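Engineer: I am attaching a structure below and will ask some questions about it afterwards.
The values are calculated or read from the model by the stated rules, or taken from the named source; none is laboratory data. All values reported here derive from a predicted model rather than from experimental measurement. As a convention, Cβ positions derive from the backbone with ideal geometry for all residues, glycine included, and neighbour counts pool all protein chains shown. Heavy atoms of the whole protein, side chains included, go into the accessibility calculation; ligands, DNA and RNA do not. Shrake-Rupley method; radii C 1.70, N 1.55, O 1.52, S 1.80 Å.
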Amino acid sequence: PVTLSCAATCASLQAVASTITLTAKAASGSKFIGWTGACKGIGTCTVKMSTNISVGATFEKIPYTLSYVRSGNGSGQVAITNTGQVCSASCKQTFPSGTIVRLSAVPAAGSTFAGWAGACRGTGACAVTLKAAATVSANFRRK
C-alpha cells in the first residue's frame, strides 16, 4: 500500500485495477466536510483504478465563540475590532478557529478601565487567538 500525506495537492501513479483507500485527516482547528470527485460522503474513500481518477477532500475551520461580559461597578464598552461590533454589557461573536480577535476597552465618563480577565490579562489591548470557545471580561470601575 502507498501512503500519501497531502497538504494541498498531490498525485500518485498506481497500477490499473489496484484498489486505493484514502482517509481524510483534518488539521487541528479544522474538520473534514466530505469528499468530491470520484468519492462522496465522509467515510474512507475507496477507488479501483481503471483510468485517471481525481478525488478531493473538503475541510473547514471549526467555529468558536468568543463571549464578552462587563464586570465591576463602572461602565464602558468593548469594541471588537475584527467586526466593528461595540458591546456594552455582554455579547458573543463566532469566528473560525485560529482567528486573532482584537478587543479594546473604552470606559464611560466617570469610569476607568481596570483590566481584563478570562482569555486576556492586563490593561492594554486584548488579542485572543481562538483555539476553543473563550470568555473575556472587562472590568470597569467608577472613579
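Engineer: Please go through (1) over 17 Å from the mean Cα position of the chain (by Cα); (2) surrounded by 15 or more Cβ atoms within 10 Å (Cβ to Cβ) for Lys48 and return the number of the only condition it doesn't satisfy.
Structural biologist: It fails just one condition, (2).
Engineer: In region 63-76, what residues are more than 14 Å from Ser137 (Cβ to Cβ) and surrounded by fewer than 16 Cβ atoms within 10 Å (Cβ to Cβ)?
Structural biologist: Across region 63-76, the qualifying residues are Pro63, Thr65.
Engineer: Does region 56-71 contain any residue that is more than 21 Å from the chain's Cα centre (by Cα) and within 30 Å of Cys6 (Cβ to Cβ)?
Structural biologist: yes
Engineer: What are the residues in region 119-136 that are under 24 Å from Ile62 (Cβ atoms) and either assigned to a strand (DSSP E or B) or open to solvent by 40 Å² or more (accessible area, probe 1.4 Å) (or both), if any?
Structural biologist: Ala119, Cys126, Ala127, Val128, Thr129, Lys131, Ala132, Ala133, Ala134, Thr135, Val136
Engineer: Please pick out the residue among Thr112, Thr83 that is assigned to a loop (DSSP other than H, G, I, E, B) and modelled with pLDDT of 90 or more.
Structural biologist: Thr83
Engineer: While we're on this one: Consider Thr44 carefully, then state whether it is at pLDDT 85 or above, more than 28 Å from Leu130 (Cβ to Cβ) and not basic (Lys, Arg).
Structural biologist: yes
Engineer: When region 29-80 is examined, which residues are found to be touching a residue at least 40 places away in the same chain (Cβ under 8 Å), in a loop (DSSP other than H, G, I, E, B) and among the polar types (S, T, N, Q)?
Structural biologist: Asn73, Ser75
Engineer: Restricting to region 95-118, name every residue that is open to solvent by less than 50 Å² (accessible area, probe 1.4 Å) and among the aliphatic types (A, V, I, L, M).
Structural biologist: Val101, Leu103, Ala105, Ala108, Ala114, Ala117
Engineer: Scan region 54-97 residue by residue and report those that are more than 26 Å from Ile33 (Cα to Cα), of a type in the set (Val, Ile, Thr) and in contact with a Gly (Cβ under 9 Å, 6 or more places away or on another chain).
Structural biologist: Scanning region 54-97 gives a single hit, Val69.
Engineer: Also: Please go through region 7-28 and pick out each residue that is assigned to a strand (DSSP E or B) and open to solvent by 70 Å² or more (accessible area, probe 1.4 Å).
Structural biologist: Hits for region 7-28 are Thr19, Thr21.
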